[in-house]
Amino acid sequence: MIAELIDSDDLALLENGLVEKGIPNTYFVTEQMLFFMDMTLQCNEVINLTTITEPREFIRKHFLDALFCYGWQEIEAAERIVDVGTGAGIPGIPLAMAYPEKQFLLMDSLSKRIGFLQTAVDAMGLSNVSVMHMRAEDAGRNPKYREKYDLCVSRALAKLPVLSEYCLPLVRPGGYFYAYKTDNALGEIVDSETARKLLGAPGEVLVRAADAKASLYRHNIMVIKKELRTPETYPRKAGTPAKVPL
């Protein structure tokens with residue numbers, strides 16, 4: 001197993017990171033994460049899941065980065081969470097491991113990735129995780145998913161004007177959207193103002209920077225509150241948001 005190659009320093013990095021975030025059942029979650037890393041890196045040889053293939057960087061840039069928001073009031077209050085454009089299952093899978101009492105939907109438009117995630121979820125027995133092969137625009141127009149989630153998370157999928165149209169239609173009024181972004185993306189807040197107003201989130205975007213352990217994380221998280229219902233005209237048909245951003 002690839003995860004067996006992890007050295008003691010890398011293992012300590014993961015364990016200490018979980019402890020510092022206050023995540024319970026540290027030993028069990030650590031074992032789950034190592035198992036998931038092993039599955040991901042093995043499958044990555046066949047399916048393009050991640051460019052991060054060194055265990056230490058996988059821990060830092062996938063697991064600890066995903067858990068940056070652990071303990072924040074919005075995710076603590078959320079019961080139903082959707083991860084849009086989940087890719088290799090980040091941040092959804094680590095968050096689901098840390099929050100076994102919450103329900104997660106992992107959504108991606110690539111069927112091979114969803115096939116891998118279904119296999120991984122079944123193998124790990126993550127009963128609080130569902131996966132779905134669907135474009136975000138189609139999900140946002142489907143009554144089964146539209147405005148049904150307390151929180152949407154998304155990482156490295158698109159610029160904020162486009163990402164807002166993917167994600168905000170899935171969030172109920174009063175819910176939140178966490179956009180994992182780098183410092184270089186702060187200008188997207190201004191660029192997304194029109195989109196956010198049209199989609200029901202006209203308020204201020206809060207940017208929560210990495211904590212004192214900044215070297216462990218790559219992202220800030222933009223916190224966007226959904227205040228109003230999204231008009232029925234949004235999201236537009238699949239492909240349009242990326243081609244013609246609001």
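Taking amide H as placed 1.01 Å from N in the peptide plane, the amide H of Leu157 sits under 5 Å from none that are at least 5 places away or on another chain. Quick one: length gained pulling Thr182 to Thr26 fully straight, 0.36 nm per residue minus the C-alpha distance? Here the answer is 53.4 nm. Sorting the segments 25-34, 56-65 by their residues' average number of neighbouring beta-carbon atoms within 10 angstrom, most packed first, yields 56-65, 25-34.
Looking at region 72-243 only, what percent of DSSP beta bridges run antiparallel? Nearest 5 please.
30 percent
Multiply the residue separation of Glu45 and Thr119 by 0.36 nm, subtract the distance between their alpha-carbon atoms, and state the gained length in nm to one decimal. Contour length minus Cα-Cα distance gives 25.1 nm. By the count of neighbouring beta-carbon atoms within 10 Å, fewest first, Asp7, Asp83, Asp38 end up ordered Asp7, Asp38, Asp83.
Tell me, what is the FRET efficiency for Glu101 and Leu206 to the nearest 0.05, using R0 = 25 angstrom and their Cβ-Cβ distance as r? Don't jump to the answer; show the numbers that get you there.
Working: r = 25 Å, r/R0 = 1.01.
Step by step, r from the Cβ atoms, then E = 0.50.
With θ taken as phi - 60° and the Karplus curve 6.51 cos²θ - 1.76 cosθ + 1.60 applied, the whole-hertz 3J(HN,Hα) list for region 153-165 is 10, 7, 9, 6, 9, 6, 5, 4, x, 6, 4, 4, 6 Hz, x standing for glycine and proline.
The string of couplings for region 10-22 from the Karplus curve (6.51, -1.76, 1.60, θ = phi - 60°) is 5, 4, 5, 4, 5, 4, 5, x, 5, 5, 5, 7, x Hz, one whole number per residue in order, with x for Gly and Pro. Straight-distance candidates among the aspartates and glutamates for linking to Lys181, with alpha-carbon spacing under 13 Å and chain neighbours fewer than 8 residues away dropped: Asp65. Here the extension length gained between Glu57 and Leu228 equals 57.6 nm, from 0.36 nm per residue of separation less the Cα-Cα distance.
Each of the peptides 109-118, 225-234 was scored by the mean count of other Cβ atoms within 10 Å over its residues; in descending order, highest first, they stand as 109-118, 225-234.
For Lys226, the amide hydrogen comes within under 5 Å of the amide hydrogens of Gly174, Gly175, Tyr176, Phe177, counting only partners 5 or more places away or on other chains and with H modelled in the peptide plane.
Throughout, read-outs are computed from the coordinates displayed, never taken from laboratory work. Being a predicted model, the structure only gives us computed values, none of them experimental. Every residue, glycine as well, gets a Cβ built from its backbone with ideal geometry; the counts of neighbours run over all protein chains shown.
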